[in-house]
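Beneath this line is the structure, given in structure tokens, with notes to follow.
The values are calculated or read from the model by the stated rules, or taken from the named source; none is laboratory data. Keep in mind that what you see is a predicted model, and the values were worked out from it rather than measured. Backbone-built Cβ (ideal geometry, glycine too); neighbour counts: all protein chains shown. Ligands, DNA and RNA are stripped out before the accessible areas are found, and what is left, the full protein with its side chains, is counted by its heavy atoms. Shrake-Rupley method; radii C 1.70, N 1.55, O 1.52, S 1.80 Å.
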Amino acid sequence: MASTAPTVPSVPSIPSVPSVPSVPAARAPSPARRPRLDWRVRFVFLSTVWGFSFLLIKVGTEGFAPFQVAFGRLFFGTAVLAVAIAVRRERLPRGARTWAHLTVAAFVLNAVPFSLFAYAELTISSTLAGICNATSPLWGMLLSLVALSEDRPTRRRVAGLGIGFVGVLTVLGVWQGFAGLDFRGTAMALLASLCYAIGWIYVRRTLAGTGHSHLSLTGAQLMVATVQLGLVTPLFTTAPSTLPLLPLLAVVALGALGTGVAMLIQYGLVEEVGPTTAQMVTYFVPVIATGAGVALLGEGLSWNTPVGALIVLAGAALTQSRRRGQRSGARAGAGTVVAASVPGPRTAAVVCAPVTGAPEPAAGGPEPAPRSPEPAAGCAAGGPEPLSGRSQP
């Protein structure tokens, strides 16, 4: 019997992106070692870390300039992934073209939005920043309809887009004439979310099917983003005369936990329970961000903020809904799910999560092995929000 499965067809990508080229199927997997922690524990931990990321940004800016917060976040996140790459003996991507695309992706998905969120939280609450981050799927769908002709809108997704932006207006208090709203900070937070949507489309067009592992691509992207901010930060900031302990710990936690460790945990969740379940983390992030900001930072909260946030999340969920035929079609394929970024304080980075389909059995042969979990909702079967193994806030 052959030791490898035959080449399988390509996985259908999100309606908003081109199809991923087919790749040879992986060898039949050996029984996976049972994780030490139940996936529900890791799910709660991931939701909590990403939800607290906006609070950590806020605390970090109390002692450091926004560029310094963003740089520190990238530096410590890259350090964690560098250790993981070394332990797993992965190789960094090769080829000038791949590194050129990673440079653009790092700028759009990491350096710019991370800096924008840090600057935004100088004048707006961490609660509002977390809710603005939740608009990324809305921007993603809107852009995909314009930029990607193969993404055909459905009534449900268009309705979700409209509902989501009604939620944004509710959060901002449009009926009050936006009284007391800091337009500059809010615009920066919304622009950061828009950057994620732009970056997702770029990544899917340029880095799909490169043949590199998700870990090596992600580590390389964060490394490039760290270098980018390492060059820019000294030009616009001065080195701090002191290192205040609490802001320093916040930046270290933001990078090491919220960017490095959290990404590795989500890789495991995607592989173990499937991306549909793993991506539900996205909907807990603004809720936890709101609770953390109110409880620990004493941020004010009017009724329209939580109500608007729920409307935004409902709209975002609808924009990711698919027809039944699209779901079954996505499950029928197998290959490599490529591409992703995660919005907000999470690490926006490239992800390639393997999805192996079981070959058809020979006549009279044994039943095929069960298929692995369905493709990443944001990569092969979902709406405009890709899932990193994402997006990081």
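A few points about this structure:
- Residue under evaluation Ile131, criteria (1) surrounded by fewer than 23 Cβ atoms within 10 Å (Cβ to Cβ); (2) part of a helix (DSSP H, G or I); (3) modelled with pLDDT under 95, criterion not met: (1)
- Among the residues of segment 297-332, those identified as at pLDDT below 75, part of a helix (DSSP H, G or I) and of a type outside the set (Lys, Arg) are Gly325, Gln326, Ser328, Gly329, Ala330, Ala332.
- Leu138 falls short on exactly one of the conditions (1) at pLDDT below 90; (2) open to solvent by 10 Å² or more (accessible area, probe 1.4 Å); (3) touching a Gly at 6+ places or on another chain (Cβ under 7 Å); (4) among the hydrophobic types (A, V, I, L, M, F, W, C), and that condition is (2).
- Selected residue (criterion: least open to solvent (accessible area, probe 1.4 Å)) from residues of segment 160-208 that are in contact with a Ser or Thr (Cβ under 6 Å, 6 or more places away or on another chain), farther than 14 Å from Gly140 by Cβ and of a type outside the set (A, V, I, L, M, F, W, C): Gly185
- Val294 being touching a Ser or Thr at 6+ places or on another chain (Cβ under 8 Å), within 26 Å of Arg155 (Cα to Cα) and in a helix (DSSP H, G or I): no
- Beta carbons closer than 6 Å, at least 6 apart along the sequence or on distinct chains, pair a first residue in segment 35-62 that is farther than 18 Å from Val287 by Cα with a second that is open to solvent by 20 Å² or more (accessible area, probe 1.4 Å) and modelled with pLDDT under 90 for Trp39/Glu272; Trp39/Val273.
- Per-region count, segment 82-97, residues modelled with pLDDT of 95 or more and within 24 Å of Val232 (Cα to Cα): 1
- Number of the condition not met by Phe64 [criteria: (1) open to solvent by 30 Å² or more (accessible area, probe 1.4 Å); (2) under 18 Å from Leu231 (Cα atoms); (3) not in a helix (DSSP H, G or I)]: (1)
- Qualifying position, being open to solvent by less than 50 Å² (accessible area, probe 1.4 Å), of a type in the set (S, T, N, Q) and farther than 27 Å from Trp39 by Cα, among Gln266, Gln228: Gln228
- Unique match (being open to solvent by 30 Å² or more (accessible area, probe 1.4 Å), touching a Pro at 6+ places or on another chain (Cβ under 9 Å) and either more than 27 Å from Val83 (Cβ to Cβ) or hydrophobic (A, V, I, L, M, F, W, C) (or both)) among Val273, Val261, Val285: Val273
- Taken over segment 181-226, the residue count meeting the criterion of being within 30 Å of Glu299 (Cβ to Cβ) and part of a loop (DSSP other than H, G, I, E, B) is 2.
- Arg157 meets the conditions (1) more than 19 Å from Ala192 (Cα to Cα); (2) open to solvent by 70 Å² or more (accessible area, probe 1.4 Å); (3) at pLDDT 80 or above; (4) not small (Gly, Ala, Ser) in every case but one. The failed one is (2).
- All conditions in (1) part of a helix (DSSP H, G or I); (2) open to solvent by 50 Å² or more (accessible area, probe 1.4 Å) hold for Val112, with the sole exception of (2).
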